[in-house]
Amino acid sequence: MQRDSWGSRIGFVLAAAGSAIGLGTVWRLPYVAGEQGGGLFFFIFIILLMTVGTSLLLAEFVLGRSTKEGAIEAYRKIAPKGQWHLIGIIGMVASFLLLSFYSVVGGWITTYFVRSFTGNVTNPPDGDHAALFEQITSNPWEVGIAHLAFMIMTILVVQMGIKKGIEKASIYMMPALFVIFLILMVRSLTLDGAYEGVVYFLQPDFSALTGDTFLFALGQAFFSLSLGVSVMVTYSSYLDKNASLPSSAWSVVLLSVLIAIMAGLAIFPALYAFDMPPDQGPMLIFSVIPAVFGQLAFGEVFFFLFMLLMLFATLTSAFSLIEIIVTPLIRGKEYLRKRMTWIVGLLIFAMGIPSNLSYSLLSDTYFFGMIFFDAVDYLVSNILLPLGALLISLFVAYKMKKPDLREELLRGSKLGDRFFSIWLLMIRFITPFCIIVVFFYLIFG
Ligand code: PFF
């Protein structure tokens, strides 16, 4: 049986953009930006995405496509001696843990989505949206079932394979996500008082600029592009030999930037129009936004659309997080895919249970001073992801041969040696340097 592959380059780009555009972009980014002073944060984030982020994305693409192997074998093929494949294993562990709590939020979204049919989310009986969120997350059964439902949706798609599963779902979900954002953005921008929100979002406030702004933005840029866990190595390993890597990477980055801007323009103007606080942290999506929709004509319809969008964004990222684990386990034997996907998916669900219970039964149990959910998030986002990103960048830059890198990077592309030299400079020195700075800051800062 043949190794699966993407049916088209656009399918690959949409799936990779689907992995990139997720809770990080539509949920975390707006609230971190809200806390970090708005416009300037976004601006720095976008610049970093287009420079350091894009170089590392290309490094993962080059490694994946040239070896046509998943997380473990890709490293082994390039460096058979030594323990380099541990980079892939770190990526698999990180993805496993990441999806275990990512899917908990996926479950909350699923619950809100289902509840949006009844309208009691935008207009809770006692008018208190934050209390409703607490009430929902503290009910282990409701969020537990929603968590499982979210994982099953993810498994059902991934078990169908690259072309028939992930690509097909992404081809429907990503354009739908874009159209819904467009609708929400237009609605938000045409509200009375929206302008102030646009100013908040786009006007750089230099007084808010600190070292933190820069470091948060860089961490966010890596997270947003799904870098450091070999997801992009895995996805590109299924890509046609002659598709241009630089233009694929640009498409992914530009789509991410576009959606990040659309998310900002959909959220902040609406918050300002209704006098809602922009700096409410994680609660932004689950309590502030429903409150905004509650005040809008046809608010339930818009809220339903918003939750559908969130669901698509979260699912397309979840596909990639299972796929990176499934690919090395089946090694091209597609007949094993179904069974492996179910096993991996259900194990991730089980691993997520304590994260889910962090808001109910385990709310008083602390690990390193944090609830379980936050402890796993910390381990993955602040340690495993930057570590993986650093190792991948160094591996590609120093373990792969220069002529091979050049060949793979430029094949099918109109770009020439200048581009190659700049990219090499980025992945050899600048990207690792930036990651080391963030890494130390995140752990010791
Ligand atoms: N890029 C995703 C987001 O922004 O939500 C998160 C993510 C997905 C990170 C897949 C890493 C990954 F491998």
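The values are calculated or read from the model by the stated rules, or taken from the named source; none is laboratory data. Because the structure is predicted, anything quoted here is derived from the model rather than measured. Note: ideal-geometry Cβ built from the backbone for every residue, glycine included; neighbour counts use all protein chains shown.
A count restricted to region 343-376 and to residues that are under 19 Å from the mean Cα position of the chain (by Cα) and surrounded by fewer than 22 Cβ atoms within 10 Å (Cβ to Cβ) stands at 2. Being more than 20 Å from the chain's Cα centre (by Cα) and either within 25 Å of Gln36 (Cα to Cα) or of a type in the set (Phe, Trp, Tyr) (or both) is a property that Val288 has. Of the residues examined, Gly369 is not one that is within 16 Å of the ligand (Cβ to nearest atom) and not charged (D, E, K, R).
Criterion first (crowded, with 19+ Cβ neighbours inside 10 Å and in contact with an Asp or Glu (Cβ under 9 Å, 6 or more places away or on another chain)) does Pro269 satisfy it? In short, yes.
Residue by residue, here is whether (1) closer than 21 Å to Met310 by Cβ; (2) surrounded by fewer than 15 Cβ atoms within 10 Å (Cβ to Cβ) holds:
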{"residue": "Ala176", "(1), (2)": "yes, yes"}
{"residue": "Phe181", "(1), (2)": "yes, no"}
{"residue": "Leu215", "(1), (2)": "no, no"}
{"residue": "Gln220", "(1), (2)": "yes, no"}
{"residue": "Met276", "(1), (2)": "yes, no"}
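So, in region 19-29, of the ones that are within 8 Å of the chain's Cα centre (by Cα) and of a type in the set (Val, Ile, Thr), which residue ends up farthest from the ligand (Cβ to nearest atom)? Let's see the steps before the verdict.
Taking region 19-29 and keeping what is within 8 Å of the chain's Cα centre (by Cα), we get 19-25.
Retained after the next criterion (residues that are of a type in the set (Val, Ile, Thr)): 21, 25.
On the way: Ile21: 7, Thr25: 5 Å.
This residue is Ile21.
The residue that is surrounded by the most Cβ atoms within 10 Å (Cβ to Cβ), counting only those in region 393-433 that are under 22 Å from Thr213 (Cα atoms) and touching a Ser or Thr at 6+ places or on another chain (Cβ under 9 Å), is Thr431.
Between Tyr200, Tyr195, the distinction of being of a type in the set (Phe, Trp, Tyr) and surrounded by 20 or more Cβ atoms within 10 Å (Cβ to Cβ) belongs to Tyr200 only. Number of residues in region 107-134 that are outside any helix (DSSP H, G or I), among the hydrophobic types (A, V, I, L, M, F, W, C) and under 21 Å from Leu284 (Cβ atoms) equals 1.
With respect to (1) modelled with pLDDT of 90 or more; (2) among the β-branched types (Val, Ile, Thr); (3) closer than 24 Å to Leu63 by Cβ, the lone exception for Ile383 is condition (1). Residue count for region 365-399, restricted to those that are out of contact with any helix residue (DSSP H, G or I) (no Cβ under 6 Å at 6 or more places or on another chain), more than 18 Å from Val52 (Cβ to Cβ) and aliphatic (A, V, I, L, M): 5.
Among the residues of region 240-258, those identified as in contact with a helix residue (DSSP H, G or I) (Cβ under 6 Å, 6 or more places away or on another chain) and part of a helix (DSSP H, G or I) are Leu245, Ser248, Ala249, Ser251, Val252, Val253, Leu255, Ser256, Val257. Exactly one residue out of Ile89, Ile72 is β-branched (Val, Ile, Thr), surrounded by fewer than 21 Cβ atoms within 10 Å (Cβ to Cβ) and not in a loop (DSSP other than H, G, I, E, B), and it is Ile89. Quick one: which residue in Val32, Val104 is away from the ligand (no atom under 13 Å from the Cβ), part of a helix (DSSP H, G or I) and β-branched (Val, Ile, Thr)? Exactly one of Val32, Val104 is away from the ligand (no atom under 13 Å from the Cβ), part of a helix (DSSP H, G or I) and β-branched (Val, Ile, Thr), namely Val104.
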